[in-house]
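Structure first, commentary second.
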């Protein structure tokens with residue numbers, strides 16, 4: 001969908017009137033039904049909710065889900081509420097200080113101002129330019145830099161590149177905006193880079209910026225190794241990692257004050273069976289909760305050498321962290337006892353999002369009919385936010401591993417409850433793959449905050 005075309009210009013697909021609380025939840029999730037409500041019923045009774053979502057990026061995962069500015073803009077563009085929204089957004093932008101990593105709210109305000117400015121709002125354009133240019137350059141970059149480049153094109157790219165380059169001259173290792181980030185969809189990357197290269201000959205600051213971009217391009221160049229060479233290099237890396245981090249050091253690290261989670265995960269990825277058995281042997285001697293949790297992390301990406309009685313016991317530990325870590329270790333096994341544990345856990349009245357990892361016990365132990373139990377366990381939950389996301393993520397992993405249309409009800413539950421647009425997109429992908437995406441979900445998803453999900457839904461025939 002074009003960023004400057006309001007969603008309200010499309011013909012009505014489904015009229016959905018939501019109560020105020022349901023609307024607030026739907027808008028926070030970025031659901032299409034919130035946009036459909038506004039299309040059919042206007043802002044009455046919910047204008048303050050929409051405005052609050054413009055002033056604050058309410059996405060569940062603000063880093064991974066991407067900007068919602070275009071979607072939010074489409075909700076008030078061309079409506080009688082536009083002057084009130086524009087005034088509040090520009091006032092908030094004027095109060096924002098910028099210069100902090102990562103200012104998701106500030107970035108959303110800037111992109112809203114950019115969109116308004118591109119549609120002829122001169123005050124919005126002026127406010128955005130002043131905000132970006134008045135910021136002090138820092139290691140965190142310039143909030144709104146890409147928004148100003150989208151508004152003003154190459155002149156803004158040159159301006160930002162020069163400012164960043166001046167900073168790099170004083171601190172060559174500082175983080176900086178990539179040219180790809182600055183150009184976005186507004187300018188062809190190659191043309192912008194060629195123009196900066198031309199200017200670099202007579203501008204040391206731009207030359208510093210271009211030099212950094214050349215290093216980034218070289219770093220991110222396509223990997224031309226064959227798959228066989230990639231496997232060989234990976235094995236060499238693993239061998240070197242184990243040489244530098246022998247099992248004795250991993251055991252010692254588990255008792256440290258600030259153990260690094262990634263250390264145990266990487267060890268499990270590359271350790272051989274003998275080393276994994278030594279971890280299990282040491283685990284049997286441990287009662288300390290933190291040590292058990294760290295050692296169990298080794299098996300997050302490693303298959304248990306056997307159905308170990310100590311790991312089995314820890315799967316019922318009083319500490320939720322230890323219990324869940326042990327459950328995830330057991331989930332790597334295809335075993336009747338592991339399956340029986342999964343059945344017992346999901347049937348239990350105490351099953352909740354705190355133990356969402358119990359669903360993983362079916363990853364290698366799923367049998368036809370289990371989808372009914374999984375769905376029943378999910379539907380007993382009344383969840384939102386982190387709880388819904390934890391349950392949904394585990395449920396989607398099972399959908400991906402068993403790949404059967406029998407799991408359609410589970411995928412629909414994830415779509416219906418998950419606050420994350422990425423997870424909802426995964427759910428729709430599964431439903432489309434199985435040929436059972438309901439029409440009402442396809443209709444709503446066409447208005448979702450996620451551009452990827454909107455495009456996916458539009459492919460539905």
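Residue 162 passes every criterion in (1) modelled with pLDDT of 95 or more; (2) in contact with a helix residue (DSSP H, G or I) (Cβ under 9 Å, 6 or more places away or on another chain); (3) not in a loop (DSSP other than H, G, I, E, B) apart from (1). Just one of the listed residues (367, 371) is over 17 Å from residue 340 (Cβ atoms), at pLDDT 95 or above and either over 23 Å from the mean Cα position of the chain (by Cα) or not in a helix (DSSP H, G or I) (or both), and it is 371.
The single condition among (1) buried (at least 23 other Cβ atoms within 10 Å of the Cβ); (2) under 27 Å from residue 422 (Cβ atoms) that residue 116 does not meet is (2). Touching a helix residue (DSSP H, G or I) at 6+ places or on another chain (Cβ under 7 Å), over 28 Å from residue 335 (Cβ atoms) and touching a residue at least 12 places away in the same chain (Cβ under 8 Å): does that describe residue 241? In short, yes.
For the condition in a helix (DSSP H, G or I) and either closer than 30 Å to residue 24 by Cβ or in contact with a strand residue (DSSP E or B) (Cβ under 6 Å, 6 or more places away or on another chain) (or both), residue 326 does not qualify.
Among the residues of the stretch 402-415, the one identified as in a helix (DSSP H, G or I) and modelled with pLDDT under 95 is 402.
The helices (runs of 4 or more DSSP H) located wholly in the stretch 36-119 include none with 3 or more residues which are at positive phi. The single condition among (1) assigned by TED's automatic domain parsing to the domain that holds residue 400; (2) over 23 Å from the mean Cα position of the chain (by Cα); (3) at pLDDT 95 or above; (4) within 19 Å of residue 320 (Cβ to Cβ) that residue 360 does not satisfy is (2).
Yes/no per residue for (1) surrounded by fewer than 19 Cβ atoms within 10 Å (Cβ to Cβ); (2) within 27 Å of residue 183 (Cα to Cα):
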| residue | (1), (2) |
| --- | --- |
| 21 | yes, no |
| 43 | no, no |
| 47 | yes, no |
| 52 | yes, no |
| 57 | no, yes |
| 62 | yes, yes |
| 75 | no, yes |
| 84 | yes, no |
| 102 | yes, yes |
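Identify, please: which residue in the stretch 377-386 is at pLDDT 95 or above and touching a helix residue (DSSP H, G or I) at 6+ places or on another chain (Cβ under 6 Å) and is, among those, surrounded by the most Cβ atoms within 10 Å (Cβ to Cβ)? In this case the residue turns out to be 378.
Inspection of the stretch 348-356 identifies at least one residue that is within 20 Å of residue 401 (Cα to Cα), within 26 Å of the chain's Cα centre (by Cα) and outside the structural domain of residue 300 (by TED's automatic domain parsing). Hey, does the stretch 378-385 have a residue that's assigned to a helix (DSSP H, G or I), within 21 Å of residue 344 (Cα to Cα) and more than 23 Å from the chain's Cα centre (by Cα)? Looking through the stretch 378-385, at least one residue is assigned to a helix (DSSP H, G or I), within 21 Å of residue 344 (Cα to Cα) and more than 23 Å from the chain's Cα centre (by Cα). Whether any residue in the stretch 134-151 is touching a helix residue (DSSP H, G or I) at 6+ places or on another chain (Cβ under 6 Å), assigned by TED's automatic domain parsing to the domain that holds residue 96, over 27 Å from residue 66 (Cβ atoms) and outside any loop (DSSP other than H, G, I, E, B) is what I want to check. No, there is no match, as no residue in the stretch 134-151 is touching a helix residue (DSSP H, G or I) at 6+ places or on another chain (Cβ under 6 Å), assigned by TED's automatic domain parsing to the domain that holds residue 96, over 27 Å from residue 66 (Cβ atoms) and outside any loop (DSSP other than H, G, I, E, B).
The values are calculated or read from the model by the stated rules, or taken from the named source; none is laboratory data. As the structure is a computational prediction, the values presented were derived from the model and not from experiment. When we count neighbours, we look across all protein chains shown, and the Cβ atoms used for this are built from the backbone with ideal geometry, even at glycine.
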